[in-house]
Amino acid sequence: MTTNLDKPSHFIQQIINADLAANRISKVITRFPPEPNGYLHIGHAKSICVNFGLAEQYNGICNLRFDDTNPEKEDQAFVDAIIADVKWLGFEWQGDACYASNYFTQLYEWAVYLITQNKAYVCELNAEQMRAYRGTLTEPGTNSPFRDRSTSESLLLLEQMKLGKIDEGAMTLRAKIDMSSSNINLRDPVLYRIKKMTHQRTGDTWNIYPSYDFAHGQEDAIEGVTHSICTLEFAANRPLYDWFVTHLPVPSEPKQYEFGRLNLNYTVTSKRKLKLLVDEKHVAGWDDPRMPTISGLRRRGVSARAIRNFCDSLAVAKTDGTVDVAQFEHFIRDDLNINAKRAMCVINPVLVRLTNTSDITLSTILAPNHPNDELMGHRIIPFSEEIFIDRADFTVDTSLSRKKFKRLVIGDYVRLRAGYIIRADEVIKDAAGAITEILASVVPNTVGKDAPDSIRPRGVIHWVDAKTAHDCCVNLYDRLFSVADPDSGEDHFIEHLNPKSLVKVEGCKVESDLAHAVPGDYYQFEREGYFTRDVGSDEELVFNCTIGLRDNWKA
């Protein structure tokens, strides 16, 4: 293990370095502890990179642990999705994933212990009464009338709660701390509540479930976590975290540290709000490519490498901040520019019929898969007398200068990407006056060669061979929200959804080899953007646009 004790990169590394130097710890153990009540999002990705990254840096361990203490909102499908996301990002953990539910028996025993130590009691205040007794941020709370209940009675009632003999909402187990504390989290927080519902792992074994605050620190202690790293919204919970560790016979004493969470503009990262988008069908699911979820980003064609590079570029600091989504997009483009194979797709095709193909000898054209990486090899592109080009790449307006229109103009020349130079000679129109076909001629011996001195092509355009091209659908994505901070102001965040966040384009044409593309393969459709094949599109060829070649977004 090598660490830089003199120049730590951020404050958590400085803490770890000091702990190691003072022999307070011998091995760094961290954890990533999601609640399985939704899919992971880009904010979680930063936490994953911090926790797993620190363990990797110090040759330590990072546990994947599910805080599955609330069966009302949790589901095995979320567990499976989270495991898949963390693995896809490239992180591994020792042994099996951990679960709060693994420790339910131990947590219950510790709840009993707190009662015996006169540090917990069974309370019969309902939720509304408890809020009233709790006080405010400026006014102290009031003791529950059940606070001085005898130890024996609380033990008996807790056992009855566990056995399912008490109705939901009738009782809770609360810690006995300080109802006048300036920290509202220390005002006799709830340790157990009655929930008579099936848990996805423990079934119907339990009728009571521990609160997150009670379970979390004790899970850390059981697992020997040395540095419990979470985001800043849990800073106010740290005194309670420490109180439990101090007052329970836990096997180790973990310490909690908080860093600023990742917030991106033009999106929301609250799981509750993401769930609302899914439930109200504003998006097509948790993995909709417009969602900031890791599975949504993966389906859109963002690589794990780009996400990790982005997260590693962010400061690990003690303050929250909002990152411009353009910064994230920079890492996506940078990664795809290096790693995406090149291919051609005509999104709005018009047929070009080449009238002099008898003058040429090539029926296929050899094109590089990447202009700057020979190791990616080459591909063979069929070439015949009929090709498709994009309608936007042709005009009959000969008055347009070469500077303003570097594409095909009637009577002028353009080079086909990796192929011949052609000249547009004539157009064929339908009864409505729309161009249905362009007649053009090929300049022989111009594949991979300079144009003859007498010919100066306006530019280079992409194309596909009409006889072998495959039909496909292209999904063009924009930002999900039309304003930078959709969660601010008086309007509900749903009011700021971008109506043009998804545009489906049918009837596009792609190179023949792309019929065999698979999700997770990255392509730059030349002059269009970066794309990947959509999941579940085995029968239909569908490509999702990951990102454009450049940032053209305007607020």
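What follows is calculated from the coordinates using simple rules that are stated; it is not laboratory data. Just so you know, these numbers come straight off a predicted model, no measurement behind them. No Cβ is skipped: glycine too gets one built from the backbone with ideal geometry, and neighbour counts run over all protein chains shown.
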Burial ranking of peptide ranges 220-229, 496-505 (average Cβ count within 10 Å, highest at the top): 220-229, 496-505
Whole-number Å³ per residue for the convex hull built on Cα positions in the chain: 201
Shape box of the stretch 464-511 [Cα atoms, principal axes, largest first, Å]: 55, 14, 8
Square roots of five times the Cα gyration tensor eigenvalues for the stretch 206-268, Å: 25, 15, 10
Formal net charge of residues neighbouring residue 495 (Cβ-Cβ distance under 14 Å; K, R +1; D, E -1): -4
Furthest towards positive pole of dipole, 227, 331, 531, structure part the chain, Cβ charges: 331
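Under 8 Å for C-alpha pairs, at least 6 residues apart: give me the relative contact order for the chain, rounded to a whole percent. Spell out each step's value before the answer.
Working: 1082 pairs, mean separation 65.4, N = 555.
Answer for the chain is 12 percent.
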The stretch 14-29 - phi-based ³J(HN,Hα) in whole Hz, Karplus 6.51/-1.76/1.60, Gly and Pro as x: 4, 5, 4, 4, 5, 5, 5, 5, 8, 6, 6, 9, 10, 8, 7, 10
Over the stretch 451-541: Rg over Rh, Cα atoms, Kirkwood Rh: 1.15
Measure of compaction for the stretch 1-160 (Cα Rg per 2.2 N^0.38 Å): 1.39
Environment charge at residue 506 (Cβ cut-off 13 Å; Lys +1, Arg +1, Asp -1, Glu -1): 0
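Roughly how many debye, to the nearest 20, is the charge dipole of the stretch 480-520 about its Cα centre, given +1 on each Lys and Arg Cβ, -1 on each Asp and Glu Cβ, and no other charges? Each step should come with its number before you reach the end.
Details: 3 positive and 8 negative charges, 66 e Å.
Computed about the Cα centre, the dipole is about 320 debye.
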Mean separation of Cα contacts under 8 Å, 6 or more apart, over the residue count of the stretch 169-307: relative contact order %: 14
Computed [θ] at 222 nm, helices only, for the chain once each DSSP H run of length n ≥ 4 contributes -39500 (n - 2.57): -7500 deg cm²/dmol
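If you keep only loop residues by DSSP, which GluC sites (Glu not before Pro) in the stretch 469-522 have at most 16 other Cβ atoms within 10 Å of their Cβ? Spell out each step's value before the answer.
Working: sites: 490, 495, 506, 511; in loops: 490, 511.
Those that pass, being in a loop and sparsely packed, are 490.
What percent antiparallel are the DSSP beta bridges of the chain, to the nearest 5?
Values: 52 of 81 bridges.
Bridges in the chain are about 65 percent antiparallel.
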Order by protection proxy (mean Cβ within 10 Å, highest first), peptides 473-483, 388-398: 473-483, 388-398
Alpha carbon Rg of the stretch 72-137, scaled by the compact-globule rule 2.2 N^0.38 Å: 1.74
Value of relative contact order over the stretch 163-227, rounded to a whole percent, pairs C-alpha under 8 Å and six or more apart: 27
Loop sites in the stretch 181-224: trypsin sites (Lys or Arg not before Pro), DSSP, at most 15 other Cβ within 10 Å: 196
Net +/- balance of residues flanking residue 219 in space, Cβ distance below 9 Å, scoring K and R +1, D and E -1: -1
For the stretch 11-263, convex hull volume per residue from C-alpha positions, Å³: 133
